[in-house]
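Have a look at the structure below before the remarks.
The values are calculated or read from the model by the stated rules, or taken from the named source; none is laboratory data. This structure is a prediction, so every number in the text was calculated from the model and none was measured. Cβ sites come from the backbone with ideal geometry, for glycine too, and all protein chains shown count toward neighbours.
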Amino acid sequence: MNETLAAIFQRRAVKVFEPVEISEEMREQILNAARHAPSSFNSQPYRFYWVGTAKEKTAVAKLCMGQKPAETASALVVAVADIGSLAATSQSQLEWMRRRSEFSEAKIRDYERTAKIGRILFMPGPFGIFAAVKWGMFWLLNLWKVMGMPPLFRHDLFKWATKSTSLACENLMIAAETLGLNTCPMEGFDGRRLCRYLGLSARYHEIVMVIAIGRKSHVYVEPPQWRRPLEATVTIL
Ligand SMILES: Cc1cc2nc3c(=O)[nH]c(=O)nc-3n(C[C@H](O)[C@H](O)[C@H](O)COP(=O)(O)O)c2cc1C
């Protein structure tokens, strides 16, 4: 079978790991695979916290309610949706475009304009006031024009950023699998305390999941994998 497909089909949420060293090179490959995932407007609205030292891992595992995968993992990755990174990201992409010869002045100006519109659109304002006004305008426009509703309120922005973060998480897990490691995604954690532990701000950050990484323990027996039948999850038009 194709190697990528094999990794996808082999991946399981492993509940007990045995100690294994994850080299810096492996760590980099795993994290690089994560950030190569597609993201909305290529905004990459996330930050990954790699928790690898014994002391930090124990503290984070405790905040994952002492779940076995967290306690036994070689590393924990906290995937954070970061809506405070948008301006810096577009600025950084702009600088990258300016350094390259492939982009004409017109293309750069185009990107600059789009980024500016994005910044205005994605700014909820104090108490969501700007978001409410923009929502009303979009709602009216949508009565006669086919269009999508952009994420306007803070909770919409987090939902929007969570989509891209989740895709990066899946990339990360498949990359780990191809490198002979195993993973367990977890949403069982104390978000408030974990945010505080990592020094995150509720205004800009939301923890999407924590991924335990390690090698499956030889004593751990996986339950059979169940999935809904294809026809229950797919509609072919
Ligand atoms: C968003 C998300 C949250 C999850 N949270 C937990 C968790 O907190 N603890 C856990 O043991 N497994 C967790 N899982 C793993 C699922 O239980 C597991 O993926 C599912 O049962 C299917 O098993 P499989 O991945 O081995 O096929 C989570 C999975 C996802 C995608």
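If you check every pair at least six apart or on different chains, which have Cβ atoms under 8 Å apart with a residue in the stretch 1-23 that is under 21 Å from residue 73 (Cβ atoms) first and a residue that is loosely packed, with under 13 Cβ neighbours inside 10 Å second?
Final answer for the pair search is 12/222; 12/225; 14/222; 16/219; 18/218.
Got a number for residues in the stretch 146-155 being out of contact with any helix residue (DSSP H, G or I) (no Cβ under 8 Å at 6 or more places or on another chain) and not β-branched (Val, Ile, Thr)?
Summing the residues that are out of contact with any helix residue (DSSP H, G or I) (no Cβ under 8 Å at 6 or more places or on another chain) and not β-branched (Val, Ile, Thr) in the stretch 146-155 gives 2.
Looking at the stretch 169-190, which of its residues are more than 13 Å from the ligand (Cβ to nearest atom) and under 15 Å from the mean Cα position of the chain (by Cα)?
The answer is 171, 175.
Can you list the helices (runs of 4 or more DSSP H) found entirely within the stretch 52-122 that contain at least 2 residues being more than 16 Å from the ligand (Cβ to nearest atom) and touching a Ser or Thr at 6+ places or on another chain (Cβ under 9 Å)?
Of the helices (runs of 4 or more DSSP H) lying wholly inside the stretch 52-122, those with at least 2 residues that are more than 16 Å from the ligand (Cβ to nearest atom) and touching a Ser or Thr at 6+ places or on another chain (Cβ under 9 Å) span 86-99, 105-121.
Can you tell me which residue among 154, 109 is more than 19 Å from the chain's Cα centre (by Cα) and basic (Lys, Arg)?
The conditions single out 109.
Given (1) within 16 Å of the ligand (Cβ to nearest atom); (2) outside the structural domain of residue 78 (by TED's automatic domain parsing), identify the lone condition not met by residue 193.
(2)
If you take the residues in the stretch 196-232 that are in a loop (DSSP other than H, G, I, E, B) and either within 15 Å of residue 71 (Cβ to Cβ) or in contact with a His (Cβ under 7 Å, 6 or more places away or on another chain) (or both), which one is nearest to the ligand (Cβ to nearest atom)?
220
Within the set of pairs 6+ apart or on separate chains, which have a first residue in the stretch 90-117 that is aliphatic (A, V, I, L, M) and at pLDDT 95 or above, a second that is surrounded by 11 or more Cβ atoms within 10 Å (Cβ to Cβ) and part of a loop (DSSP other than H, G, I, E, B), and C-beta atoms under 8 Å apart?
From residues that are aliphatic (A, V, I, L, M) and at pLDDT 95 or above, the pairs are 97/103.
A quick yes/no check of all residues on (1) farther than 30 Å from residue 10 by Cα; (2) at pLDDT 95 or above; (3) surrounded by 12 or more Cβ atoms within 10 Å (Cβ to Cβ):
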| residue | (1), (2), (3) |
| --- | --- |
| 162 | no, yes, yes |
| 170 | no, yes, yes |
| 179 | no, yes, yes |
| 190 | no, yes, yes |
| 198 | yes, yes, yes |
| 229 | no, yes, no |
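Within the stretch 171-180, restricting attention to residues that are out of contact with any Ser or Thr (no Cβ under 8 Å at 6 or more places or on another chain) and touching a residue at least 60 places away in the same chain (Cβ under 8 Å), which residue is nearest to residue 23 (Cα to Cα)?
179
Of everything in the stretch 181-203 that's in contact (Cβ under 8 Å) with a residue 12 or more places away in the chain and hydrophobic (A, V, I, L, M, F, W, C), which residue is farthest from residue 216 (Cα to Cα)?
200
Note down all Cβ pairs under 7 Å where the first residue falls in the stretch 150-168 and is more than 15 Å from residue 42 (Cα to Cα), the second is part of a helix (DSSP H, G or I) and within 15 Å of the ligand (Cβ to nearest atom), and they're at least six residues apart or on different chains.
Listed by first residue and then by second, the contacts come to 151/159.
What about residue 15, is it within 16 Å of the ligand (Cβ to nearest atom) and either assigned by TED's automatic domain parsing to the domain that holds residue 185 or not in a helix (DSSP H, G or I) (or both)?
Yes.
From the list 47, 27, which one is away from the ligand (no atom under 16 Å from the Cβ) and assigned to a strand (DSSP E or B)?
That would be 47, the only listed residue that is away from the ligand (no atom under 16 Å from the Cβ) and assigned to a strand (DSSP E or B).
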